[in-house]
Amino acid sequence: MESAREEILSGVRAHVPALGLKMNGEPLVYLDNAATTQKPSTVLDFLSDALREGNANVHRSMYALSDRSTEAYEAAREKVRAFINAPSRENVVFTSGTTASINLVADTFCRRLGKGDVILIEADSHHSNIVPWQLAAERTGAFVKVIPTDVLLGIGRSGRVAAEEVDNLLDDKVKILAITQISNITGFLNPVSEIIAKAHAKGIPVLVDGAQGIVHGGVDVREMDCDFYAFSAHKIYGATGVGILYGKKEMLESLPPYMGGGDMVETVTYAKTTYAPLPLRFEAGTPNFIGAASLLPALEFAEYLSSGETGKVIKEEEARITGYMLERLTKDPLVELYGNPALCEGVCKAPIFTFNIKGINAGDLAQLLDKMGVAVRSGMMCAEPLLNSFGVPSALRASFAPYNTLEEAEFFVRCLDRARAMLL
């Protein structure tokens with residue numbers, strides 16, 4: 001049984017060349033997956049081949065190379081549609097990342113807001129799901145309110161979003177709700193479907209930041225019933241510089257164009273312009289068509305990781321990693337874990353572990369771990385308000401992907417112990 005597990009995990013890792021690298025003379029243990037994932041050979045080969053043999057602008061030319069590029073671009077859109085169970089390709093807009101997707105909605109939807117209107121967000125949000133709404137509020141006279149965590153309410157230290165407060169916050173002044181599927185700090189899976197149902201009962205649309213959820217939480221946008229869902233290709237084994245915005249058709253059709261330029265128009269005169277149908281009306285200019293097209297092999301890899309016996313082994317391995325990391329981190333009196341499920345009830349946690357060791361600077365710790373071949377993130381993780389609520393200016397984060405193993409988690413903890421001994 002153990003040999004079968006090892007064979008499957010070894011086979012998975014063989015698809016990802018970067019996992020065989022050495023850093024500072026040591027085998028790489030890559031644990032910064034919440035920032036970006038490593039790419040399988042199928043994606044790397046696709047990108048290389050497309051640059052050599054498929055480099056022509058999409059949608060606009062009457063020659064075979066452009067047709068080939070357009071077909072790859074639209075095949076990736078169809079793959080995204082199927083992967084998230086969107087009703088049609090018109091629901092899928094390509095952008096430059098989760099950040100761009102959220103900015104698109106914040107800018108265009110909020111143009112209808114006025115003084116005193118409310119945009120409701122969560123306290124565990126990434127900066128990309130805070131700042132765009134603040135900018136929109138400044139432009140319109142609206143203001144941003146926050147669904148607090150247990151830390152902000154003074155009722156706990158887990159960092160759990162207090163979803164029970166949503167009922168009190170969803171009044172008639174709230175015009176849109178922007179929530180996080182999985183926090184990039186705590187790793188907690190938020191009850192997004194429950195929150196969406198409460199918002200919809202009051203006629204309030206909801207955007208979901210799925211940057212982490214697309215990998216660890218899975219998504220069916222029709223089952224979730226979100227109005228908008230945003231994620232990035234590079235979080236799920238694809239190229240950087242590519243994002244996806246899913247939107248219900250009626251919601252997208254109600255939004256004005258975000259940017260003007262080529263490919264988003266129907267007719268242009270000096271006096272007036274009419275706009276292309278969905279989704280092109282939101283894809284002005286030359287898109288990252290090769291990067292976007294790489295979503296096809298990237299999502300095929302994601303499906304391979306979640307299906308059949310491979311999917312079963314990986315799911316079990318993720319549970320083993322999460323259990324092991326929680327046991328080691330929570331039993332250490334010098335470690336403060338931000339996102340400890342033992343401190344609250346009814347939460348599920350993705351394998352994202354953000355913490356500090358008392359008396360040690362997180363940056364110093366990250367640098368020493370790097371010397372041992374372990375890549376982790378240190379700093380604010382673009383979630384400064386959430387970390388500040390814990391009373392810390394920075395932290396260390398180890399985030400695991402489906403291609404990581406329990407042995408890597410064990411190695412990380414051993415290296416952590418070595419680095420701590422050097423610094424204390």
Where LEU369 falls short, out of the listed (1) part of a helix (DSSP H, G or I); (2) closer than 30 Å to PRO40 by Cα; (3) open to solvent by 30 Å² or more (accessible area, probe 1.4 Å): (3)
field: Given (1) buried (at least 19 other Cβ atoms within 10 Å of the Cβ); (2) under 18 Å from the mean Cα position of the chain (by Cα), index of the condition ASN85 fails
entry: (1)
query: If you check every pair at least six apart or on different chains, which have Cβ atoms under 6 Å apart with a residue in segment 336-352 that is under 19 Å from PHE400 (Cβ atoms) first and a residue that is open to solvent by 10 Å² or more (accessible area, probe 1.4 Å) and in a strand (DSSP E or B) second?
result: PRO341/LYS349; CYS348/LEU189
- line: For segment 6-46, the count of residues that are hydrophobic (A, V, I, L, M, F, W, C) and open to solvent by 40 Å² or more (accessible area, probe 1.4 Å) equals 5
query: Going through segment 59-73 one residue at a time, which ones are at pLDDT 95 or above and touching a Phe, Trp or Tyr at 6+ places or on another chain (Cβ under 9 Å)?
result: SER69, THR70, ALA72, TYR73
- prompt: Of the residues that sit in segment 138-164 and are in contact (Cβ under 8 Å) with a residue 24 or more places away in the chain and open to solvent by 40 Å² or more (accessible area, probe 1.4 Å), which one is farthest from CYS344 (Cα to Cα)?
  reply: ARG139
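A quick yes/no check of all residues on (1) open to solvent by 10 Å² or more (accessible area, probe 1.4 Å); (2) within 14 Å of PHE83 (Cβ to Cβ):
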residue	(1), (2)
LEU177	no, no
PHE188	no, no
ILE204	no, no
GLY210	no, yes
GLU223	yes, yes
PHE231	no, yes
HIS234	yes, no
GLY241	yes, no
query: How about segment 393-424: which of its residues are under 30 Å from ILE121 (Cβ atoms) and touching a residue at least 40 places away in the same chain (Cβ under 8 Å)?
result: ALA395, LEU396, ARG397, ALA398, SER399, PHE400, ALA401, PRO402
statement: In the set ASP124, ASP171, ASP167, ASP117, the lone residue that is of a type in the set (Asp, Glu) and crowded, with 22+ Cβ neighbours inside 10 Å is ASP124
query: Does ALA421 count as of a type outside the set (D, E, K, R) and either within 23 Å of GLU318 (Cα to Cα) or open to solvent by less than 40 Å² (accessible area, probe 1.4 Å) (or both)?
result: no
query: Residues of segment 304-354 being of a type in the set (Phe, Trp, Tyr) and within 30 Å of GLY11 (Cα to Cα), which ones?
result: TYR304, TYR324, PHE353
task: Mind checking which helices (runs of 4 or more DSSP H) fall wholly inside segment 177-256 and carry at least 1 residues that are over 15 Å from the mean Cα position of the chain (by Cα)?
output: 192-200, 221-224, 249-254
task: Answer yes or no: is there a residue in segment 389-401 that is modelled with pLDDT of 95 or more and assigned to a helix (DSSP H, G or I).
output: yes
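The values are calculated or read from the model by the stated rules, or taken from the named source; none is laboratory data. In this text, all values refer to a predicted model and were calculated from it rather than measured experimentally. Glycine also receives a Cβ, built like all others from the backbone with ideal geometry; neighbour counts cover every protein chain displayed. The accessibility values were calculated without ligands, DNA or RNA, using every heavy atom of the protein model including side chains. Shrake-Rupley method; radii C 1.70, N 1.55, O 1.52, S 1.80 Å.
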